[in-house]
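The values are calculated or read from the model by the stated rules, or taken from the named source; none is laboratory data. Quick caveat, the model's predicted, so the values are computed rather than measured. Counting neighbours? That spans all protein chains shown, and the Cβs are built from the backbone with ideal geometry, glycine included.
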Amino acid sequence: MSSSTQRVLLLACCTTIIAQLGVTLYIPATTQLAPQLNIEEAKGYKILLFYLGGAVLPIAFMSRLISSFGRYTAVLVCCAILLIGSALSLFSFGPEAFFFSRFTQGLGAGGGALIGRALLTDISSGAALAKNLSVLSYSFILALIGGQVVGGFLVSSLNWIALPCLMIIAVILISALALNIRSHLYKLDTLVKESALTPKYYAIATQPSFYLPVILGGCGYGIFIVYQGIGAYVFHSNFRWNSADYGTFGLWLGLAYYLGAFTVRRALSAVSVCQLSIFGACLLVASSSVLFLAAWQNMSIHLVIGGYLVIWYAQATLYPCTAAMAVNGLPGANPMMLFSFLQQLVALTFGALATFFIPYGIQTVALLTACLGGLGVVTALLILKREA
């Protein structure tokens, strides 16, 4: 791999990291932000949903932005939007203004993450693409562990204001990296065929070989997002964990995610992608069912921690498998961008649905996620039937 290609891969990894940091940095701050914004602690979950809501929108204009102005300009635009959103959150003194700043952050971060995945399809294909996707998973793990641990430390020792400041610094560094490799990004603009850049989303989305993995991936990501969003609230209200305690828990969650990604790299030599997906879906329905039972039995901390670790592990096995199945045989960057968008949209839909269940107790949320896991298993079996 040439040095220029490595730097493009580094840029893709950085966009993934900062997009996930927008989630994990703020999770330990949920219990601190809720009283400052004059909202109920349980409704602090909306802080995550507004960010994810912004992250799903860039698909509407990202392909046109790239084809009209190029990859370098598209990266800078997303960085500028994220910078504005982070700056706005520093001056937000009410829930509406803060939620808008989080939505703006999600818009910039989500666009950057889409460009990062598109860059991977520009510089690799086949086995090389799968390898680069695994590197992207490790970047996600780094943000998963580092974001939650650093977020917990900053909130406990300083203030939540430090979080958008850290995001601003990260945006500046990514912009500097894009500036450093702008000549190679310009070269990619000239090498990629116009046909690959032309949006043909409907034709892609209507293929069962594409939308079935999207549904499966969306179910897994939906469960992951729900428990990620309510985690700080659950551990604080039931076990009296503070921000630092939950931030440290991110180390174990990140390790579980790493083991899942490592399992994918090792297991695919012996089993098919579809079989591994069924394994991940079964783990999700089992772990979410255990959490449902734990909620009814006064929330045993050992069952809750174990359930969380299994969910993180299962999601790490599902994502690369569903992504590989969805974009297999489809040329260009659009399939990968559409997959990322639809998976995020499905997860956001389920995450928003969970907000209606939260007032009725964690038991109802756990029941929702157990049903999502069951839907994932059914979808995985349909995929296996198609391939048989």
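Return only the number of the condition from (1) buried (at least 20 other Cβ atoms within 10 Å of the Cβ); (2) in contact with a Leu (Cβ under 8 Å, 6 or more places away or on another chain); (3) more than 23 Å from residue 63 (Cβ to Cβ) that residue 152 does not satisfy. That leaves (2) as the condition not met. Residue-level check: of (1) assigned to a helix (DSSP H, G or I); (2) out of contact with any Lys or Arg (no Cβ under 9 Å at 6 or more places or on another chain), residue 340 misses just (2). Only a single item in (1) in a helix (DSSP H, G or I); (2) modelled with pLDDT under 80; (3) surrounded by fewer than 22 Cβ atoms within 10 Å (Cβ to Cβ) is not met by residue 144, and it is number (3). A count restricted to segment 322-352 and to residues that are in contact with a Pro (Cβ under 8 Å, 6 or more places away or on another chain) and farther than 13 Å from residue 117 by Cβ stands at 2. For segment 73-102, name all the residues that are in contact (Cβ under 8 Å) with a residue 60 or more places away in the chain and over 23 Å from the mean Cα position of the chain (by Cα). 90 - this is the single residue of segment 73-102 that is in contact (Cβ under 8 Å) with a residue 60 or more places away in the chain and over 23 Å from the mean Cα position of the chain (by Cα). Flag not set for residue 35, criterion: modelled with pLDDT of 75 or more and under 22 Å from residue 146 (Cβ atoms). The set of residues in segment 360-377 that are in a helix (DSSP H, G or I) and loosely packed, with under 14 Cβ neighbours inside 10 Å contains only 360. The residue of segment 55-78 that is surrounded by the fewest Cβ atoms within 10 Å (Cβ to Cβ), among those that are at pLDDT 90 or above and either closer than 28 Å to residue 349 by Cβ or among the β-branched types (Val, Ile, Thr) (or both), is 73.
Can you say whether residue 98 is aromatic (Phe, Trp, Tyr), surrounded by 20 or more Cβ atoms within 10 Å (Cβ to Cβ) and modelled with pLDDT of 85 or more, as far as the supplied structure shows? Show your work before the answer.
Values: aromatic (Phe, Trp, Tyr): yes; surrounded by 20 or more Cβ atoms within 10 Å (Cβ to Cβ): yes; modelled with pLDDT of 85 or more: yes.
Yes.
Going by the structure shown, is residue 51 closer than 28 Å to residue 238 by Cα, of a type in the set (Phe, Trp, Tyr), buried (at least 19 other Cβ atoms within 10 Å of the Cβ) and touching a Leu at 6+ places or on another chain (Cβ under 7 Å)?
Working: closer than 28 Å to residue 238 by Cα: yes; of a type in the set (Phe, Trp, Tyr): yes; buried (at least 19 other Cβ atoms within 10 Å of the Cβ): yes; touching a Leu at 6+ places or on another chain (Cβ under 7 Å): no.
The answer is no for residue 51.
Looking across 286, 323, one residue alone is buried (at least 22 other Cβ atoms within 10 Å of the Cβ), farther than 22 Å from residue 49 by Cβ, touching a residue at least 40 places away in the same chain (Cβ under 8 Å) and of a type in the set (Gly, Ala, Ser). It is 323.
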